[in-house]
Every structure is written in structure tokens, then in C-alpha cells.
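This report concerns only the one structure given below.
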Amino acid sequence: MDERAADIVAEVLARNPGAAISLPTGSTPVGMFHALVRRQREGTIDLSQLHLFCLDEYLGVSAEDPNTLTSWLRRHFVEPAGIAEAHLHTLPVADPDSAAAAARYEADIAAHNGLELAVLGISGNGHVAYNEPGSAADSRTRVVDLTPESIEQAAGYFGGATVPSKAMTVGVGTLLEAKQIVLIASGAGKQAILKAALQGPMTAEVPASWLRLVPERVTFLIDEAAAAGLN
Ligand code: PGA
């Protein structure tokens, strides 16, 4: 799964080295990040031109906070890959006018010709980025309230500090406009939510199910353990 996901990133960058792409945080993408950094060291991929658009971030956190999603992405990918600061696009979570700031983030994506590729994870509650249950298919980049499940999941990254209750996330509609979408999922813990997302009704209650609106552009990369419940 990690190597296949890295293959897709490599294919996109071979066509368009300066592509705008989004990559997820969490435990799932760690192997993909290792594969990408290894390939760059081996000289089989060039990550120096890409524009990385973050998918989500907690509201009100400072850029220096080591617990943020952006800090995590810096440690696991941006720094080892040597991606220039000017090529990292972070969600404007410190701006007091969230709506205007979110609109500017969308405009920045558009100014880079839209997302060429969005790689996504999926949580146990079906969120993609931080589009929590209840997120509409046409939702845009915005501030959302985190669910208790998401706050509990995030607590593992916060080392005892209080997890913010809100986040800014790229919208479902924004993601559905990406020219290519890849959802990665691994492990038996994702079986039930994948069955709901792939074989249940398309519904805001399972935001990942909206990806089936664009079957020609979406790839689900799922390991055997996570796929075990699928028909
Ligand atoms: P995980 O997170 O990769 O750590 O399971 C997925 C998510 O919350 O989107």
C-alpha cells in the first residue's frame, strides 16, 4: 500500500513536477512518507517543486506548537523531503476572520491550478481531512467542531495537553474537485468504516462515502486486513 501510494505521487510529479498535492497526517501515511523520502534519496522522484497543501489544522494553535498537524507533517515529511517553506501551504488557523481566511486558502489552491492529487486517510468515524460526520458533499474549507471520537484520537498526539475542540479543514467539495484522489487505509480497525464508506449508503454521516461521487477519479488503496469485511 505504501509503495503503491508513492507510485501514484511519483506518476503525478513526473507529469507535473510543480503539482499542488495534499497528503494526510496520521499513522496510515507514515510508510508512504518513508517510501517518498527514500525515492528522493535514490533519485527516482523529485519532491522539490511540488506545492503541498495541508488538509486540516486545529483552530487557534500557534505555528510553533509541536502538537499541531502541520508540525507533525513537517517532522514526518516536509523536513526529511527538504520541501521549501514557500511550497508548504498551511491552513490559516490564527486568523480571527476564519471565513475570509478559508476563502483565501481556496483561492490559493485555485491559483496553483487546483489539487492535482489528494491523498486521504479515513478515521473510524468516516472523516476525511477533518470533515466530520454531517459534512455535506459540497462543503468548502471551513471551521468545524470536532467530535468526541476525533478529540480522543487526537489526544494521543497531544501528550497530555488539551486538544482544541475546533479545526479548519479543506472541504469535501474541495477534495472532490481534485483531479485524482487516493484514499489509503490499513489494519483491521478500519474494516467496519470501510464497509460503510464503500458499500453503505452515500451519506453525510460517513463523509468518506462522498468519494464514490467521482468513481473515475478515486482510488481506494486498502490493505488485506482493512479490506476483509468488503464483498
Ligand atoms: P490514522 O488517522 O491514519 O491515524 O488512522 C486517520 C484519520 O484520522 O484521518
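The values are calculated or read from the model by the stated rules, or taken from the named source; none is laboratory data. All values derive from a computational prediction rather than experimental measurement. Every residue, glycine as well, gets a Cβ built from its backbone with ideal geometry; the counts of neighbours run over all protein chains shown.
Does Glu57 satisfy the criteria of being modelled with pLDDT of 95 or more and either over 14 Å from the mean Cα position of the chain (by Cα) or over 16 Å from Leu117 (Cα atoms) (or both)?
yes
Select, from Ala110, Ala103, Ala99, the only residue that is free of Cβ contacts under 8 Å to residues at least 12 places away in the same chain, away from the ligand (no atom under 16 Å from the Cβ), of a type in the set (A, V, I, L, M, F, W, C) and assigned to a helix (DSSP H, G or I).
Selected residue: Ala110, the only one of Ala110, Ala103, Ala99 that is free of Cβ contacts under 8 Å to residues at least 12 places away in the same chain, away from the ligand (no atom under 16 Å from the Cβ), of a type in the set (A, V, I, L, M, F, W, C) and assigned to a helix (DSSP H, G or I).
Taking Val93, is it more than 16 Å from the ligand (Cβ to nearest atom), among the aliphatic types (A, V, I, L, M), assigned to a helix (DSSP H, G or I) and in contact with a Leu (Cβ under 7 Å, 6 or more places away or on another chain)?
Judged against the criteria, Val93 is not a match.
Return the total of residues in region 1-35 being more than 16 Å from the ligand (Cβ to nearest atom), within 19 Å of the chain's Cα centre (by Cα) and more than 24 Å from His127 (Cα to Cα).
7
Taking region 126-144 as the region of interest, how many residues are surrounded by 15 or more Cβ atoms within 10 Å (Cβ to Cβ) and either more than 19 Å from Ile109 (Cα to Cα) or within 12 Å of the ligand (Cβ to nearest atom) (or both)?
10
In this structure, does Gly43 turn out to be in contact with a helix residue (DSSP H, G or I) (Cβ under 9 Å, 6 or more places away or on another chain) and over 24 Å from Ala161 (Cα atoms)?
no
Take the conditions within 16 Å of the ligand (Cβ to nearest atom) and either in a loop (DSSP other than H, G, I, E, B) or at pLDDT 95 or above (or both) and apply them to Thr44. Does it pass?
no
Would region 55-72 turn up any residue that is in contact with an Asp or Glu (Cβ under 9 Å, 6 or more places away or on another chain), under 28 Å from Asp97 (Cα atoms), among the hydrophobic types (A, V, I, L, M, F, W, C) and assigned to a helix (DSSP H, G or I)?
yes
Could you list, in sequence order, the residues of region 90-109 that are buried (at least 17 other Cβ atoms within 10 Å of the Cβ) and under 19 Å from Val61 (Cα atoms)?
Thr90, Leu91, Pro92, Val93, Ser98, Ala101, Ala102, Tyr105 - these are the residues of region 90-109 that are buried (at least 17 other Cβ atoms within 10 Å of the Cβ) and under 19 Å from Val61 (Cα atoms).
Could you list, in sequence order, the residues of region 145-171 that are among the β-branched types (Val, Ile, Thr) and either crowded, with 16+ Cβ neighbours inside 10 Å or within 12 Å of the ligand (Cβ to nearest atom) (or both)?
Across region 145-171, the qualifying residues are Thr147, Ile151, Val163, Thr169, Val170.
For region 119-147, which positions are out of contact with any Lys or Arg (no Cβ under 8 Å at 6 or more places or on another chain), part of a loop (DSSP other than H, G, I, E, B) and not small (Gly, Ala, Ser)?
Asn125, His127, Tyr130, Glu132, Pro133, Asp138, Arg140, Thr141, Thr147
What is the number of the single condition among (1) away from the ligand (no atom under 16 Å from the Cβ); (2) touching a residue at least 24 places away in the same chain (Cβ under 8 Å) that Glu85 does not meet?
(2)
Checking Asn67 against (1) on the phi > 0 side of the Ramachandran plot; (2) at pLDDT below 95, only one condition comes out false. Which one?
All conditions are met except number (1).
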